[in-house]
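For reference, the structure discussed in these notes is given below.
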Amino acid sequence: MKYYSTNNRHRKVSLREAVIQGLAPDNGLYMPEYIPVLPEFFINALADLTLGQIGFEVAVRFLDDDVPEDELRKIIAHTIQFDAPLVAIEKNVYCQELFHGPTLAFKDFGARFLSGLLGYFAQQENKTITILVATSGDTGSAVANAFLNVPGTRVVVLYPAGKVSEVQEKQFTTLGKNITALEVMGTFDDCQRLVKAAFMDADLKQVFFLTSANSINIARLIPQSFYYFYAYAHLAKTRRPLVVSVPSGNFGNLTAGLIAKRMGLPIAKFVAATNVNAVVPEFLKSGVFLPRISKQTISNAMDVGNPSNFVRMLDLYNQEAKAFSNDVAGYSFTDAETKGAMKSVFEKSQYVLDPHGAVGYLGLKTFLQAHPEYSGVFLETAHSAKFMEVVEEAIHTKPELPERLNKFLAGKKTSIPVSAKFEELKSLLPSLLA
Ligand SMILES: *Cc1c(COP(=O)(O)O)cnc(C)c1O
């Protein structure tokens, strides 16, 4: 399997190049040259397979040229160390919990698969790969925990001082070993600018094998398709058409679902559920894409005004808005509606939603109102304890703190303060990475 850039279908690269580059040199996003279709007997046998077995069968079709099967089995085992269970919430309404990984959000799937792959490439090259990642919170924790103790890799997390929550900060500043946290005296945008400048810097490139763990990386997308197969496997027995609602920001998660459908998975419909940052739901109605500056909401991991994976979704549908909107319905919700859903689901079903999952729930309910013949799943992308204050305000009860969050909170923070000047970072890196 080769990969092309969404800006040029004719220039193809290997998976290895696509993963190490992240973004294509022409600023396009990498896509597989074709979507492999899984045999029908595989779809029919899904209910007997574990998430790891599904993951292997899906991934092997994308990685066959670049990773030997025994290595891929190791990468899958490293990625899938937790379940993605389905929980019945109401009649024909299921929640798929994607937060059972080490940092309690679905980003653990993508980050762990990426770390397994880069660890393998580092071993092949006999080099140490340095991953630079700018974070406003969740990405840094998922990436740092995924790469912890992976031989041949080291991670430098840049985060804005005072602008991430204590729980988030502890998830990447207490690890030590091959993980270094830089506390930048500036904003998230400063962190991103520093990372970009480092990638462009010829001197640093000579000394370090630098790569990014950005969410546009194709290696973060592939494992996100696994759990859609798992959801279908558990609901096929309802014998009703299936709709999956995906709370979305940059739309990597929904793109992975659309790829799963193209691989032959019988999911009849998807819902693109957003907060008031609604450029994709608007596009699905009007056919016009109007990116803009994002607005801040309580589902802040979805505060995206110009979703990076939009070009991938259009590419999947050959730029045809009509075909895209046949498969995907889009709805957006305000913070008040989101809190209302958290409250009513808690009262009716004693289930505690996080604000992102609540947006997914609302999208699903809106779709089911018009299409009662469906069974539906919404993806719960984070554990409610990650958004303690919002949840407590909505349901007047404290969500319970899972053991693995407590462990982070008990750890000792170690970070290196740096200014937002690139020259300072540049002179610091060699001593950090010696
Ligand atoms: C990143 C994130 C999302 C959005 O996922 P995309 O793939 O960017 O659409 C939703 N919920 C949570 C909790 C997240 O961390």
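The values are calculated or read from the model by the stated rules, or taken from the named source; none is laboratory data. Keep in mind that what you see is a predicted model, and the values were worked out from it rather than measured. Here Cβ is always computed from backbone atoms with ideal geometry, including for glycine, and neighbour counts include all displayed protein chains.
Just to be sure before I move on: is Ala323 away from the ligand (no atom under 16 Å from the Cβ), assigned to a loop (DSSP other than H, G, I, E, B) and either within 26 Å of the chain's Cα centre (by Cα) or within 29 Å of Gly186 (Cβ to Cβ) (or both) in the structure I sent?
Here the answer is no, as Ala323 does not meet what is asked.
I'd like the full set of residues that are part of a helix (DSSP H, G or I), of a type in the set (A, V, I, L, M, F, W, C) and either surrounded by fewer than 20 Cβ atoms within 10 Å (Cβ to Cβ) or in contact with an Asp or Glu (Cβ under 9 Å, 6 or more places away or on another chain) (or both), limited to the stretch 64-94.
Leu72, Ala77
Among the numbered conditions (1) within 16 Å of the ligand (Cβ to nearest atom); (2) touching an Asp or Glu at 6+ places or on another chain (Cβ under 6 Å), tell me where Tyr361 comes up short.
(2)
Are any residues in the stretch 25-58 within 15 Å of Phe226 (Cα to Cα), small (Gly, Ala, Ser) and in contact (Cβ under 8 Å) with a residue 60 or more places away in the chain, and if so, which ones?
Scanning the stretch 25-58 gives Ala47, Gly55.
Based on what the data block shows, is Ala59 among the aliphatic types (A, V, I, L, M) and at pLDDT 95 or above?
Considered against the rule, which asks whether it is among the aliphatic types (A, V, I, L, M) and at pLDDT 95 or above, Ala59 comes out as yes.
So, in the stretch 1-56, of the ones that are assigned to a loop (DSSP other than H, G, I, E, B) and charged (D, E, K, R), which residue ends up nearest to Ser115 (Cα to Cα)?
Of the stretch 1-56, the ones assigned to a loop (DSSP other than H, G, I, E, B) are 1-2, 6-7, 14, 22, 24-28, 33-39, 49-50.
This time we only want the ones that are charged (D, E, K, R), so: 2, 26, 33.
Working: Lys2: 20, Asp26: 25, Glu33: 23 Å.
Among those that are assigned to a loop (DSSP other than H, G, I, E, B) and charged (D, E, K, R), it is Lys2.
Quick one: count up the residues across the stretch 6-23 that are over 19 Å from the mean Cα position of the chain (by Cα) and over 27 Å from Phe229 (Cα atoms).
Looking only at that region, the number is 8.
Scan the stretch 236-254 for residues that are surrounded by fewer than 24 Cβ atoms within 10 Å (Cβ to Cβ), more than 8 Å from the ligand (Cβ to nearest atom), outside any helix (DSSP H, G or I) and not charged (D, E, K, R) and jot them down.
Within the stretch 236-254, Pro241, Leu242, Val243 qualify.
Can you pull out the residues in the stretch 163-181 that are surrounded by fewer than 21 Cβ atoms within 10 Å (Cβ to Cβ) and of a type in the set (Val, Ile, Thr)?
Residues satisfying the conditions are Val167, Thr174.
Filtering the stretch 95-146 down to residues that are in a helix (DSSP H, G or I), farther than 23 Å from Leu15 by Cα and touching a Phe, Trp or Tyr at 6+ places or on another chain (Cβ under 8 Å), which residue is nearest to the ligand (Cβ to nearest atom)? Walk me through it before giving the result.
Here is the first cut: in the stretch 95-146, the ones in a helix (DSSP H, G or I) are 107-125, 138-146.
Filter once more, so that each one left must be farther than 23 Å from Leu15 by Cα: 138, 140-141, 145.
Next, from what is left, pick out any that are touching a Phe, Trp or Tyr at 6+ places or on another chain (Cβ under 8 Å): 140-141, 145.
Values: Gly140: 12, Ser141: 10, Asn145: 14 Å.
Among those that are in a helix (DSSP H, G or I), farther than 23 Å from Leu15 by Cα and touching a Phe, Trp or Tyr at 6+ places or on another chain (Cβ under 8 Å), it is Ser141.
Within the stretch 271-297, can you find the residues that are under 17 Å from Leu364 (Cβ atoms) and buried (at least 23 other Cβ atoms within 10 Å of the Cβ)?
Within the stretch 271-297, Val271, Ala272, Ala273, Thr274, Asn275, Val280 meet the criteria.
Please go through the stretch 95-144 and pick out each residue that is buried (at least 21 other Cβ atoms within 10 Å of the Cβ), in contact with a strand residue (DSSP E or B) (Cβ under 6 Å, 6 or more places away or on another chain) and not hydrophobic (A, V, I, L, M, F, W, C).
Gln96, Gly119, Thr130, Thr135, Asp138, Gly140 - these are the residues of the stretch 95-144 that are buried (at least 21 other Cβ atoms within 10 Å of the Cβ), in contact with a strand residue (DSSP E or B) (Cβ under 6 Å, 6 or more places away or on another chain) and not hydrophobic (A, V, I, L, M, F, W, C).
Is it the case, given these coordinates, that Gly257 is within 13 Å of the ligand (Cβ to nearest atom) and out of contact with any Cys (no Cβ under 9 Å at 6 or more places or on another chain)?
So Gly257 fits the description; yes.
Taking Ser212 as meeting all but one of (1) surrounded by fewer than 24 Cβ atoms within 10 Å (Cβ to Cβ); (2) within 12 Å of the ligand (Cβ to nearest atom), write down the number of the exception.
If we test Ser212 against (1) surrounded by fewer than 24 Cβ atoms within 10 Å (Cβ to Cβ); (2) within 12 Å of the ligand (Cβ to nearest atom), just (2) comes out false.
For the stretch 402-420, which positions are assigned to a loop (DSSP other than H, G, I, E, B) and surrounded by 15 or more Cβ atoms within 10 Å (Cβ to Cβ)?
Across the stretch 402-420, the qualifying residues are Pro402, Ser415, Ala420.
Let's see how each residue does on (1) modelled with pLDDT under 95; (2) within 28 Å of Pro39 (Cβ to Cβ); (3) within 11 Å of the ligand (Cβ to nearest atom); (4) part of a helix (DSSP H, G or I):
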residue	(1), (2), (3), (4)
Tyr228	no, yes, no, yes
Phe270	no, yes, no, no
Asn277	no, no, yes, no
Phe283	no, no, no, yes
Asn306	yes, no, no, no
